[in-house]
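The values are calculated or read from the model by the stated rules, or taken from the named source; none is laboratory data. In this text the structure is predicted, and so the values were computed from the model without any measurement. Ideal geometry is used to build each Cβ from the backbone, glycine not excepted, and the neighbour counts take in all protein chains shown. For the accessible areas, the whole protein counts, side chains as well, though only heavy atoms, and no ligand, DNA or RNA atoms are used. Shrake-Rupley method; radii C 1.70, N 1.55, O 1.52, S 1.80 Å.
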Amino acid sequence: MWRQACRPWGPHIHQLTGYVDRWSARAGGRLRFMVSSAADRPYTLRFVRHLCADPNPDGPGYREVPLKTPLDGRREGKFHAGSPGSYARIEALALPKDGGLRLSATIWPTLPGKGRQSLIAIDVAGVAIRLELGPHGGAQLRIGGEIIAVDAPMLARRWYAIEATIAAGGRLSLSQTPLTPVGVIVDGGRAEAAATPTPLAGIATVTIAAALEGKDLLAYYNGKIERPRISTLGGAVVADWDFSQGIGTQRIVDVGPQAAHGRLVNLPTRAMKGAGWTGAVHDWKAAPEQYGAIHFHSDDMGDCGWPESFALDVPRDWPSGFYAAHIKNDAGEDYIPFFVRPAEGARTADVAFLVPTFSYQVYSSYARPERSLEILERSRAWGSLLETPGFNPDYGLSTYNYHADGSGVSITSMLRPQLDTRPRQMSLVDPAPKGSGTGRIGCDSYVIDWLDRAGIAHDVLTDHDLHEEGIDALAPYRVLICAQHPEYHSERMLEAIERFLARGGRLMYLGGNGFYWRAEPGLDTPHALEVRRAEGGIRVWATEPGESYNQFGGGYGGLWRRVGKASHAIVGIGFSVQGRHLGFPYSFTDGIRNERVRFMTAGIEDAAIPGAKFGDSGFMGGGAAGFELDSADPRYGTPPNAVVVAKGVVIHDDYRWVNEDMLVHRHPRPQEEWSCADMTFFETASGGAVFSVGSMTYVGSLPPETYGNVLARLTTNVLRRFIDPRPFP
Ligand SMILES: [Fe+2]
């Protein structure tokens, strides 16, 4: 497979990094690892299990357990570049012997004038035919050494019909027709020229939205393409790719006589409205013919495609938990994380920790240049792993970023180094005096540390396992723990959790902003997740009108709340306020005196009285209630039997309510009611129960006093009662 030219790397590029083919394996299963080592330097490999992945020297204490495998030791290294840029590829298309060629497409360019960008590239019998945007943004046709171009540049984000003809006698013509002319600006035109005839017959390869130049793939296009076609000048169809078919897959369908179907590379965005969208339909499934466009981006990233460096047969005796392949040489170091589940048929614990790998992946590769430098500085001081997606654009972006053309990133893949989703790493420079600034694996490992120190047997499973296996993945467990930030779920995952609760399962939700957005993997791309940022929600970009239905699965994208599945109905609370990464204490309410929650206060009776504060220290923002908070609200589905036992009220200039609740400039309810984390408990009809804390910094307040503080003891009390099989009344 050919590769695009690797870009020059900056001083901060990871010298040694890699990825794994799956988030998790059962003990006894196999994981494949792909590694890139700059300058082909050798490296050493070992495996570790993480009990606490926080690198903060003043934190709870980093704990990794070294493990032995036959793979350990020195390994040869090889450099591999990232290769962003999406395109479509058709391996074989027979071109007619005579009759000339007509190439056409409807396009919506987003970066016209930003370099040469290929629309349809045909390579046949040593001849290169290129229909493209020229460097100045007008249509251009090149064949052999001949070139014709339209002078007028196209305007960004407007539709054009582009057509080029190559007559058998050699004559070339080109037209660029705006479909909605502005009138006062010339943005269309024609070009024509006589040229030396070039024989074109033979089996061609066709590339859409990029072009092969020598050995490198270049000239990536930014924008939409609809209905690229090739025909003879007499009108006989050679190929006609209808992108409204196969939406949701990486296959493009040729409705022409040769059925020369192609494949998409690097996950461009489908289910995009075409030039004929009327505005009357918003669901592509209802009128696919109006959704025949694909939006290609020069910075899309689907699969780095590196060769396997080593494969681990996970030893059957490794306990379920957080693991990493640790690779290191003089130039660099990385931990490639993975999660181990109990071996097939092995005894399981009563407690399962659901690792939010959907949320990890949706956030991963979040380029935040404004943060990166200060993180680098502290990482060097702490000897922790660098967090550098902003310095490694070749590995693609996060769904919290924009593409180079200003459109939002909606698809994220795990088949690339996720440089900011690592153990022994911080996500931000914590403003609190002893704050760790951990995110994802770092802060979720506090839960593992807590369970380990409390001697509570537990297994882990991942969101990806839950999506794949549904309720079966949860069947062995009585208690499910979700931790700091389980924000993204697929429909199958939510259904599985609902069924688990309906069967009497117990759920501890120890985080904030959970169960919020829909994220769906592709059927033929389980390594990819799609998030459409539809109406409502705290989000850095929003879907364009008419483009809120996911290409993967076809569901309405965005907030679960918008499709009648608000988190309140599952965990009793929902996202209501967000602010800086600061932590504030909780205070017990009168609810803590309720007989039904008496089990929570065993051993802390003196501290657990209405009005008393707790959770006032911690390694995330310095307190238990902060960053993103969830409150109870019966209007959205908080069960009528829910008891709020404590509240972390945050009245702070930097905290604002979520925009889905923002109707006018004032919130309809008193601030104390919504600007808070509501620690909530309720029993379910089948003897189960739910305990939710509603704050993203909560888990950071488990470790103080070696997990012996009031908050940690209360949380342990809840877990012990939840493990107890006696049904809740
Ligand atoms: Fe979030």
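Where in region 233-287 are the strands (runs of 3 or more DSSP E), entirely inside, with at least 1 residues that are surrounded by fewer than 20 Cβ atoms within 10 Å (Cβ to Cβ)?
Correct list: 237-242, 251-254, 262-265.
Here are 632, 642, 646: which of them is under 26 Å from residue 454 (Cβ atoms) and either open to solvent by less than 50 Å² (accessible area, probe 1.4 Å) or within 16 Å of the ligand (Cβ to nearest atom) (or both)?
Numbers: 632 fails: under 26 Å from residue 454 (Cβ atoms); 642 fails: under 26 Å from residue 454 (Cβ atoms).
Result: 646 is the single residue among 632, 642, 646 that is under 26 Å from residue 454 (Cβ atoms) and either open to solvent by less than 50 Å² (accessible area, probe 1.4 Å) or within 16 Å of the ligand (Cβ to nearest atom) (or both).
Would you mind telling me which numbered condition in (1) at pLDDT 95 or above; (2) out of contact with any helix residue (DSSP H, G or I) (no Cβ under 9 Å at 6 or more places or on another chain); (3) farther than 19 Å from residue 597 by Cβ residue 697 fails?
Every condition holds for residue 697 apart from (2).
Return a yes/no flag: does region 449-469 have any residue that is farther than 30 Å from residue 705 by Cα, in a strand (DSSP E or B) and in contact with a helix residue (DSSP H, G or I) (Cβ under 8 Å, 6 or more places away or on another chain).
Looking for residues that are farther than 30 Å from residue 705 by Cα, in a strand (DSSP E or B) and in contact with a helix residue (DSSP H, G or I) (Cβ under 8 Å, 6 or more places away or on another chain), one finds none in region 449-469, hence no.
Consider region 470-485. How many of its residues are out of contact with any helix residue (DSSP H, G or I) (no Cβ under 6 Å at 6 or more places or on another chain) and within 19 Å of residue 691 (Cβ to Cβ)?
Of the residues in region 470-485, the ones out of contact with any helix residue (DSSP H, G or I) (no Cβ under 6 Å at 6 or more places or on another chain) are 472, 475-478, 480-482.
With within 19 Å of residue 691 (Cβ to Cβ) added as a condition, the list becomes 477-478, 480-482.
Counting residues in region 470-485 that are out of contact with any helix residue (DSSP H, G or I) (no Cβ under 6 Å at 6 or more places or on another chain) and within 19 Å of residue 691 (Cβ to Cβ) gives 5.
Within region 148-174, how many residues are more than 20 Å from residue 209 (Cβ to Cβ) and either assigned to a strand (DSSP E or B) or open to solvent by 10 Å² or more (accessible area, probe 1.4 Å) (or both)? Quick ask: steps written out before the conclusion?
So in region 148-174, the residues more than 20 Å from residue 209 (Cβ to Cβ) come out as 148, 151-152, 165-173.
Keeping just the survivors that are either assigned to a strand (DSSP E or B) or open to solvent by 10 Å² or more (accessible area, probe 1.4 Å) (or both) gives 148, 151-152, 165-169, 171-173.
Selection size over region 148-174: 11.
When the residues of region 456-497 are filtered to those that are among the hydroxyl-bearing types (Ser, Thr, Tyr) and more than 16 Å from the ligand (Cβ to nearest atom), which remaining residue is surrounded by the fewest Cβ atoms within 10 Å (Cβ to Cβ)? Can you show your working first?
Going through region 456-497, the residues among the hydroxyl-bearing types (Ser, Thr, Tyr) turn out to be 462, 477, 488, 490.
Filter again for more than 16 Å from the ligand (Cβ to nearest atom), leaving 462, 477, 490.
Numbers: 462: 23, 477: 21, 490: 23.
Only one residue tops the list, namely 477.
Determine, yes or no, whether residue 354 is hydrophobic (A, V, I, L, M, F, W, C), in contact with a Cys (Cβ under 7 Å, 6 or more places away or on another chain) and over 18 Å from residue 269 (Cα atoms).
Against the criterion (hydrophobic (A, V, I, L, M, F, W, C), in contact with a Cys (Cβ under 7 Å, 6 or more places away or on another chain) and over 18 Å from residue 269 (Cα atoms)), residue 354 qualifies.
Taking the residues in region 345-357 that are at pLDDT 95 or above and of a type in the set (Val, Ile, Thr) as candidates, determine which candidate is farthest from the ligand (Cβ to nearest atom).
Checked region 345-357; the qualifying residue farthest from the ligand (Cβ to nearest atom) is 351.
What number of residues within region 52-73 are buried (at least 17 other Cβ atoms within 10 Å of the Cβ) and small (Gly, Ala, Ser)? Steps first, please.
First pass over region 52-73, keeping only residues buried (at least 17 other Cβ atoms within 10 Å of the Cβ): 52-56, 59-60, 62-64.
Those still in the list that are small (Gly, Ala, Ser) too: 53, 59.
Total meeting the criteria: 2.
Which condition number in (1) over 31 Å from the mean Cα position of the chain (by Cα); (2) on the phi < 0 side of the Ramachandran plot; (3) at pLDDT 95 or above is the one that residue 73 fails?
Among (1) over 31 Å from the mean Cα position of the chain (by Cα); (2) on the phi < 0 side of the Ramachandran plot; (3) at pLDDT 95 or above, residue 73 violates only (2).
Given the residues 553, 557, which is the only one that is open to solvent by less than 10 Å² (accessible area, probe 1.4 Å) and away from the ligand (no atom under 15 Å from the Cβ)?
Every option except 557 fails the conditions.
Answer yes if at least one residue in region 326-344 is open to solvent by 20 Å² or more (accessible area, probe 1.4 Å), within 23 Å of residue 450 (Cβ to Cβ) and modelled with pLDDT of 95 or more, and no otherwise.
No, region 326-344 contains no residue that is open to solvent by 20 Å² or more (accessible area, probe 1.4 Å), within 23 Å of residue 450 (Cβ to Cβ) and modelled with pLDDT of 95 or more.
Identify all residues within region 358-371 that are open to solvent by less than 50 Å² (accessible area, probe 1.4 Å) and either touching a residue at least 40 places away in the same chain (Cβ under 8 Å) or within 16 Å of the ligand (Cβ to nearest atom) (or both); write none if there are none.
358, 359, 360, 361, 362, 363, 364, 365, 366, 368, listed by residue number.
Take region 544-593 and flag every residue that is part of a loop (DSSP other than H, G, I, E, B), free of Cβ contacts under 8 Å to residues at least 60 places away in the same chain and out of contact with any strand residue (DSSP E or B) (no Cβ under 7 Å at 6 or more places or on another chain).
Residue satisfying the conditions is 564 alone.
Given the criterion within 16 Å of the ligand (Cβ to nearest atom) and either open to solvent by less than 10 Å² (accessible area, probe 1.4 Å) or within 16 Å of the chain's Cα centre (by Cα) (or both), identify the matching residue among 442, 390, 435.
442
Matching residues to (1) open to solvent by 10 Å² or more (accessible area, probe 1.4 Å); (2) more than 16 Å from the ligand (Cβ to nearest atom):
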position: 586; (1), (2): no, yes
position: 603; (1), (2): yes, yes
position: 614; (1), (2): no, yes
position: 628; (1), (2): yes, no
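Can you name the residue in region 501-514 that is open to solvent by less than 10 Å² (accessible area, probe 1.4 Å) and outside any loop (DSSP other than H, G, I, E, B) and, of all such residues, is nearest to the ligand (Cβ to nearest atom)?
Result: 509.
Of all residues in region 515-533, how many are more than 15 Å from the ligand (Cβ to nearest atom) and outside any loop (DSSP other than H, G, I, E, B)?
The number of residues fulfilling the criteria is 4.
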